[in-house]
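> One structure coming up, written as structure tokens, with questions to follow.
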Amino acid sequence: MSPYSRRKTFLPFALPSITIDEINAVTDVLRSGWLTTGSVATKFESLVAEYVNAPYAVSFNSCTAAMHTALAAWEIGPGDEVITSPLTFCSTVAVIEYAGATPVLVDIDPETGNFNPKLIEKKITAKTKCVIPVHYGGLPCHMDLISEIAEKHDLLVLEDAAHAFGAEFNNRKVGSISKATAFSFYATKNITTGEGGMLSTSDPEFADRCRSLSLHAISKDAWQRYAEKGKWFYQVDALGFKYNLPDLLAAIGVVQLERIDTINRRRAEIAKKYNDTFISFDFLDYFPRYDSKILKPAWHLFPLLLNLDSLTINRDCFVNELQERNIGTSVHFIPIYHHPYYKRYLWDPSDFPNTEKHFNRTISLPIYPDMSDHDVDDAISAVYDVGQKFLK
Ligand SMILES: *Cc1c(COP(=O)(O)O)cnc(C)c1O
């Protein structure tokens, strides 16, 4: 390592990758006279369906909306239980409550950060209706094991693939494996529409029901109502939501999708550089550990794991030291049961020892396509410098 020199400008933790093409696509929609859900959203849906190799895709204004709608369309409600991971964004658990059902949490596998399929069956009761695997950081869960358990107990599998756009399990794209998969196009996700989401499915009736619920369950789309041959008449067939993705945002997604291979390739390149370097840093533990013949991650996150036994500082101090060196970081995630609102479930942190251990020593480093090689080197040398300074 060359002698450490502090970076002059702050390296943000995450930035979207936006080109002139996305900007032009948005202004085209602004000029078109049709801003809300219409032909551009439909085009984005078919492009995503094609990309993830799923027969159907339904657009939403967030991944949260997509997951809530999927649960509602499957008629999951009060009295039902849904199993998921505590190492996730609050949205995964919130949607279970929106549906009126009860969340049940399963501890993670320390090698991947994904919930441990071996622990799922212990939590299954007569009330269990659904399991929501979260592909932590973009590393797919072991979907063969999960599908087998779900089939045996007749459970809906709804994948939270907010981090996993473009990821693969056993040469199958995430989005083509389960009954339902939800993607996020939030500003920091692998591809973005600012805010947005998509649900992919192989079930045409389920797709229709989700699409209907996404727009107040009205019998015709607004864009059919106001188009040339549209009629004024419509009916409300159920209690739906206002979750549709406007063309204004879908237009960004269409362009981002054209760039997805370049975007994800760059993420993988940065991850490789980090991994190849960090493997020789004794104050870090190697993560994630997975079989690259089976799993292809989307590298939404790059979570470091500190080996706290070899350091004189804790995770929070390490984060501050990186901040002082102008490196932006984050922590994924504060476990669900730590949030004040979720105290009501009386979840005991000692029931999730691997999640606790992970949370106490993880730091997510910047990983996004517009980072230069220089940026990556700066992050690496800052990590090295902090590690050396606080080595036991
Ligand atoms: C971002 C995220 C979501 C929510 O996505 P939105 O599109 O913001 O609703 C859900 N789950 C995980 C794991 C996420 O990181």
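> State which residue is nearest to the ligand (Cβ to nearest atom) when the search covers only segment 175-200 and only residues that are small (Gly, Ala, Ser), assigned to a loop (DSSP other than H, G, I, E, B) and surrounded by fewer than 24 Cβ atoms within 10 Å (Cβ to Cβ).
Checked segment 175-200; the qualifying residue nearest to the ligand (Cβ to nearest atom) is ALA187.
> Among the candidates GLU151, GLU97, which residue alone is of a type outside the set (Lys, Arg) and more than 16 Å from the ligand (Cβ to nearest atom)?
GLU151
For every residue, the table says whether it meets (1) among the basic types (Lys, Arg); (2) under 28 Å from PRO303 (Cβ atoms); (3) away from the ligand (no atom under 16 Å from the Cβ); (4) in contact (Cβ under 8 Å) with a residue 60 or more places away in the chain.
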residue	(1), (2), (3), (4)
ASP28	no, no, yes, yes
THR42	no, no, yes, no
GLU50	no, no, yes, no
SER62	no, yes, no, yes
HIS68	no, yes, no, yes
ALA73	no, no, yes, yes
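> Regarding segment 343-358, can at least one residue be identified that is away from the ligand (no atom under 16 Å from the Cβ) and either at pLDDT below 95 or in contact with a strand residue (DSSP E or B) (Cβ under 6 Å, 6 or more places away or on another chain) (or both)?
Yes, segment 343-358 has at least one match.
> How many residues does segment 115-133 hold that are in a helix (DSSP H, G or I) and open to solvent by 10 Å² or more (accessible area, probe 1.4 Å)?
Qualifying residue count for the region: 6.
> Can you name the number of the only condition in (1) open to solvent by less than 30 Å² (accessible area, probe 1.4 Å); (2) within 13 Å of the ligand (Cβ to nearest atom); (3) touching a residue at least 60 places away in the same chain (Cβ under 8 Å); (4) not in a strand (DSSP E or B) that THR112 fails?
(2)
> Then there's this: Only one of (1) surrounded by fewer than 18 Cβ atoms within 10 Å (Cβ to Cβ); (2) under 30 Å from GLU269 (Cβ atoms); (3) not β-branched (Val, Ile, Thr) fails for PRO349. Which number is that?
Only one criterion is unmet by PRO349, namely (2).
> Scan segment 25-45 for residues that are polar (S, T, N, Q) and either in contact with a strand residue (DSSP E or B) (Cβ under 6 Å, 6 or more places away or on another chain) or open to solvent by 70 Å² or more (accessible area, probe 1.4 Å) (or both) and report the count.
2
> Something else about it: I'd like the residue in segment 359-371 that is away from the ligand (no atom under 16 Å from the Cβ) and assigned to a helix (DSSP H, G or I) and, out of all such residues, is surrounded by the fewest Cβ atoms within 10 Å (Cβ to Cβ).
Only one residue fits best here, namely ASN360.
> What single numbered condition from (1) hydrophobic (A, V, I, L, M, F, W, C); (2) touching a Leu at 6+ places or on another chain (Cβ under 8 Å); (3) away from the ligand (no atom under 16 Å from the Cβ); (4) open to solvent by 10 Å² or more (accessible area, probe 1.4 Å) fails to hold for PHE283?
PHE283 satisfies all of (1) hydrophobic (A, V, I, L, M, F, W, C); (2) touching a Leu at 6+ places or on another chain (Cβ under 8 Å); (3) away from the ligand (no atom under 16 Å from the Cβ); (4) open to solvent by 10 Å² or more (accessible area, probe 1.4 Å) except (4).
Quick grid of which residues meet (1) farther than 15 Å from ALA41 by Cβ; (2) modelled with pLDDT of 95 or more:
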| site | (1), (2) |
| --- | --- |
| ASN190 | yes, yes |
| LEU199 | no, yes |
| ASP208 | yes, yes |
| VAL236 | yes, no |
| ASN244 | no, yes |
| LEU257 | no, yes |
| ILE260 | yes, yes |
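> Oh, and also: For the list (1) among the acidic types (Asp, Glu); (2) surrounded by fewer than 17 Cβ atoms within 10 Å (Cβ to Cβ); (3) in a helix (DSSP H, G or I), I need the number of the one condition that ASP291 fails.
(3)
> In the set GLU151, GLU159, which member is among the acidic types (Asp, Glu) and buried (at least 24 other Cβ atoms within 10 Å of the Cβ)?
Unique residue meeting the criteria: GLU159.
The values are calculated or read from the model by the stated rules, or taken from the named source; none is laboratory data. Keep in mind that what you see is a predicted model, and the values were worked out from it rather than measured. We place every Cβ from the backbone using ideal geometry, glycine too, and count neighbours over all the protein chains shown. SASA here: full protein model, heavy atoms, side chains in, ligands and nucleic acids out. Shrake-Rupley method; radii C 1.70, N 1.55, O 1.52, S 1.80 Å.
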